[in-house]
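Please treat every number below as a calculation from the coordinates, not as lab data. Quantities reported herein were computed from a predicted structural model and do not represent experimental measurements. Neighbour counts are summed over all protein chains in view; Cβ atoms, including those assigned to glycine, are modelled from backbone coordinates with ideal geometry.
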There are 2 protein chains.
Amino acid sequence: MNENTQQLIAQLRSIVGDAGLVTAAEEQASYVKDWLNKWHGRVAVVVRPADTAQTAEVVRLCHRTHTPIVTQGGNTGMSGGATPDDSGAQVILSTTRMNRIRAVDPINNTMTVDAGVILAHAQDAARAAGRYFPLSLGAEGSCTIGGNLATNAGGIAVLRFGNMRELALGLEVVLPDGRIWNGLRGLRKDNTGYDLRDLFIGSEGSLGVITGAVLKLFSQPHARATAWVGCDSLAQLAELLARTRARCGDRLVAFEMMSAASLALVLQHVTDTRAPLAQPARYNALIELADTEDLGLQAMLEELLGQAMEDVLVNDAMLCTNGTQAAALWKIREGISQAQVRAGKLIKHDIALPISAIAEFVEQAERMIAACELQAEIINFGHLGDGNLHFNVMIPLSSSYEEVQQATLQLNRLVHDLVTEKQGSISAEHGVGQLRRDELRHYKSPLEMELMLRIKQAFDPNLIMNPGKLL
Amino acid sequence: MNENTQQLIAQLRSIVGDAGLVTAAEEQASYVKDWLNKWHGRVAVVVRPADTAQTAEVVRLCHRTHTPIVTQGGNTGMSGGATPDDSGAQVILSTTRMNRIRAVDPINNTMTVDAGVILAHAQDAARAAGRYFPLSLGAEGSCTIGGNLATNAGGIAVLRFGNMRELALGLEVVLPDGRIWNGLRGLRKDNTGYDLRDLFIGSEGSLGVITGAVLKLFSQPHARATAWVGCDSLAQLAELLARTRARCGDRLVAFEMMSAASLALVLQHVTDTRAPLAQPARYNALIELADTEDLGLQAMLEELLGQAMEDVLVNDAMLCTNGTQAAALWKIREGISQAQVRAGKLIKHDIALPISAIAEFVEQAERMIAACELQAEIINFGHLGDGNLHFNVMIPLSSSYEEVQQATLQLNRLVHDLVTEKQGSISAEHGVGQLRRDELRHYKSPLEMELMLRIKQAFDPNLIMNPGKLL
C-alpha cells in the first residue's frame, strides 16, 4: 500500500470511523467480486458511510484527491456495474449501512427510504402500513433500493407498475463534488425545470451517489388468479396478451413467457417441479391477475381462456384453484436461472422489442443461430408483457473458455444486430455495467453517445464516478 | 424589416415554401399573443415546417444565424411559454402542420405521432384502434402532443395514468444545432444509458424541438361510476381519498376537489348548473371510478360512500345513476375557470403538495391571506388525488392594474413560501414559462439551478431555444 493510499484511508477513517472501513483483504473479498463470480477487482479500501452527511464528506475527499468511486448496494447486479477494476486505485462506497426507512406516509401513498434499504424490507414497510410497493425481482432479499434506482430495475411487475423509474418520486443524491442535491419530493406533479431525478435513475453510479428516495406506494392486492397456458406460436401469445389487457385492464400484473426448451430445462434440473399441462407446448405463459378485492377474478380469467381455446389461440390451459398451485407455477418460472447454470454455458441476452415484433424476431434469430452450427440450444423466456426477452443461448458445459468467448462475440453480434434492426434495446433491465459497455458504443448512434458524454462532463468533469462502466 | 431579417425569411422560404411562412402582421396576430391575451410579442416571422426534415433545416439555419426560436403548438399554454418577446428578433416555429398519426400498434399498445397532432385527435386515433389514450385536459381540442410533452401536461387523469412523462415511451427531437435525435422507441424497458427522453419532456422548448413521439396506449374503459360528496374538512377528504384508493385500487381515475366558494361561483356564473347536494358543504369532491368491464362498480362506490357517511367522514353524497348526471357534475368541475374570470381578477397558483400536508397548508394559507385585508376570496379547487391545488385568490373586478400587480407580488410570496415550507411545488402542471420564471429562481436551490444551467449549456450553448422562458 503506497503512501497516498495510507493517507486516504486515514482521512476516510476520520470521516466514517473504524466501523465504516473495510481494509482487510479477506473482508473485502465479497465486495470486490460480483455474486456470479464473473468480474473481479481490487480496491484501495471499502468505505461504508453511516448516513448522507458522511457520504458527502467521503465524496468530497475523493473529489479533492481524484479518487474513483464505485458505489455498491447489495452487489447483486448482472452486468458487473458495481465491481471495481483491478488497478487497486478505486474505492468502493457501500451504501449498506444506510438502511433506515425514514418515513411512511399512507395518506400521500409514499415512503422515504435510505438508499441502502434492502428491497424486501421496503416491501415489508409498505405492507406494515397497509400499502404495497410493487417492485419485485429475484434478488429482492439482498438488492438495495439505491441499486434498483441506479440500474432502473425491472422485474416481474413492470407490466402493471412500471420500472423503478416509474416508482420513484424524489431522490437525494451526493454529487461528484460532494454537494448534496435534495430532490426528496413526494409529489405527483412538479413541473419546475429539468428532470434531474430521471437523469440519475439508470445512470449506474456514473453521475453521483443516490443516498435516499421517495417511493410511490399502491393499494394492496387482496385477490389473485393465476393460470398457465400453452400455445403453438409467439404470435398467438402476443394476441392473447392484447386480449387479456383489453378485457382485464389493470388487473393483469404478469404475463411471463417460457419456450418449450426453457420449461423442459426446469423440469429436468429443478426438484419438485412438474409439467403444468398434459401436452408440451412450443410456448407457455404464466398469467396472473390481481385486484384489491375479488369481484370474480377467477371467473374472468376462466372465461377469457375458454374463449381463447375456442378460438384456437391457446391449446391448453391450467387455472390455479389455490395459492399452492400458483406457487408451483411461479417456482417453474423462477427456476429457469438455476436450471440454465446447471445445464450448460450461457451466452445471455437481455433484450426488449416492440411486442408486435417479437414473433418475427425470434423466428429469424432461431434460423440464423441454427445456421451457425454451434451445438447451441436457445433458452428463450422473459416478460412478454414488457417485450423483454432473456434470449439466452446455451452451449455445452464442456465448452472451453475460448469457445465461450468466441460464441459470445458471434452470437451477441447476430442477436443485437437483429434487435437493432427491429428497433429494440440490447439492454432491457439488467443494466450495461462492464458487460455491455462495448455493445452500447457499437449500437448507440454517435449523436446519442455525444449527448450522454456531454451530460457526464457537465456532472462529473473529473470522471471519478464509476469509471469504466456504462459509457 | 432590416436586411438580415429579409435574408432570413428568404432562406426560410427556400426550406418551407410559401405555405410554411406567416409574414403578414395580421396573420401573425394569433401566434404572437397567448390565448389569455396576457402576453404579447413580436416576431421576425412565423415558420411552419411540414415535417421533421424541414424542421431540422429551419433549426440549422437559426443555429447558423443565432436566431432565437420559440416553438409553439396549439398556443393554449397558461404561462406564456410559447409567446415570443417583443424584440422582433425571435422566430416562432409552429408545429401545427406536422399533424400525422404515423402509426398505431394495438399489439404493442403504442401510437407514434407527429408533435403537432392535436390531443383530441390522438385520443380519437387510439379509440379507433380499440385502445385508450388517457391524457385529458380542458384545451384538448386545440393543444398539441408536442406542447403536452414540452410542458409535461397533467389534467384530470393523472391520478391513475400519470402526467405526460409517464405516457411517452419515445421521442424524436431536433437539437439546437439542427441534428435529429431519433429516440422513437416503443419499448417498456430500455436501460441503455442516460434518460434523454425525460430531459426533453418538461423542458418547455429550451433544449430542442420535439417533432414526434411514441405514446403508451391503454385498455378502453367500458364502465364508469361517478359521485359527488360533501365534507367538513380537507383532512376528511384526504382520508376518503386514501380509503377509496385502498378499496378500489386502479379503478379510481378522478378525485377532484372544490371548496364551497368554488362551487358557489360556478352555480352563480355558469348556466345550467345546479347544486349536487341539498346542503352546501365546506369541501366537495367529484369521484370517478372506471373499469374495463362492469363487475359492480356502482355498488362498490355506493358501499364505500355509505360506510364513509356512517363513519361521519362524509356529510352527504350523490351517486350518479346515468351518464347525463355524471356529465352535469363534470360541467360544474370544468366550469370553474370560466366562472372565475367572470367574477373577479385572479391571482393564480398552480401548486402541488404532499396530500398529507394539504389540510394544514390550506388552513394556514387562509388565515394568512385573511390577515392581508385585501377584499380577497380564495377559490380553492384542484386535483386532490395528485396533491395539485389551483389555489387562486380573487380580488374585485374593479381592481386596477397596479392593485392586481401589488396583490400578486404579496400573495405569490405568501403562498409560495408556505408551499416551499411544506415541501411542495410552486408549478405543478401549467409550466413555468414567463409567468413563474422569477419565482423559480427565487425558490429553487442554487445547486439545482446550477445543474439545470449546466444541462442547458451542454445542449444549447448558443442559448437560442426559447430564451427568457423557464430558466
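Listed values, structure above:
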| quantity | calculated |
| --- | --- |
| Fraction of beta bridges assigned by DSSP in chain B that are antiparallel (%, nearest 5) | 85 percent |
| Semi-axis lengths (Å, descending) of the ellipsoid that matches the C-alpha gyration tensor of the stretch B:214-276 | 26, 19, 11 |
| Binned Cα-Cα distance frequencies in the stretch A:101-219 - 5 Å width, integer % | 2, 12, 24, 26, 21, 10, 4, 1 |
| Alpha carbon Rg of the stretch B:149-208, scaled by the compact-globule rule 2.2 N^0.38 Å | 1.17 |
| Near-label residues of the stretch A:230-247 by backbone N, under 19 Å of a point 7 Å along Cα→Cβ of A:A299 | A:247 |
| Rounded FRET efficiency, nearest 0.05, which uses the C-beta distance separating A:N322 from A:R282 and R0 of 35 Å | 0.80 |
| Percent of Cα pairs exceeding the 26 Å cut-off, where the set is the stretch A:248-372 | 30 percent |
| Cα pair distances exceeding 23 angstrom across the stretch A:216-322, given as percent | 28 percent |
| A:S445/B:R42 FRET efficiency (R0 25 Å; Cβ-Cβ; nearest 0.05) | 0.10 |
| Loop-located GluC sites (Glu not before Pro) in the stretch B:357-411, at most 15 other Cβ atoms within 10 Å (DSSP) | B:E373 |
| Label distances, nm, B:L36 versus same residue in remaining copies, Cβ-directed 7 Å point | 5.3 |
| Rule-of-thumb Rg ratio for the stretch B:271-328 [Cα; 2.2 N^0.38 Å; N residues] | 1.23 |
| Principal axis dimensions, largest first and in whole angstrom, of the stretch A:1-137 by Cα | 54, 33, 23 |
| Rounded to 10°, Cα long-axis angle of helix B:323-334 versus longest principal axis of chain B | 60 degrees |
| Unit Cα scatterers, Debye sum, chain A: log10 I(q)/I(0) for q = 0.06, 0.10 Å⁻¹ | -0.28, -0.79 |
| 14 Å Cα-Cα reach of A:K444 towards aspartates and glutamates, excluding residues that sit fewer than 8 places from it in its own chain | A:D417, A:E421, B:D190, B:D195 |
| Unsatisfied cross-links (Cα-Cα over 30 Å) in the set A:K189/B:K456; B:K33/B:K331; A:K422/B:K469; A:K456/B:K469 | A:K422/B:K469 |
| The stretch B:311-425 - Rg over Rh from alpha carbon coordinates, Kirkwood radius | 1.02 |
| Using a 7 Å Cα-to-Cβ projection, A:R274 label spacings across copies, nm, ascending | 6.7 |
| Quotient of C-alpha Rg and 2.2 N^0.38 Å, computed over the protein assembly as shown | 0.95 |
| Largest-first principal axis extents of the Cα set of the stretch B:364-420 (Å) | 36, 20, 17 |
| Pseudo-label separations to other copies for B:M309 - Cα-to-Cβ vector, 7 Å, nm | 4.5 |
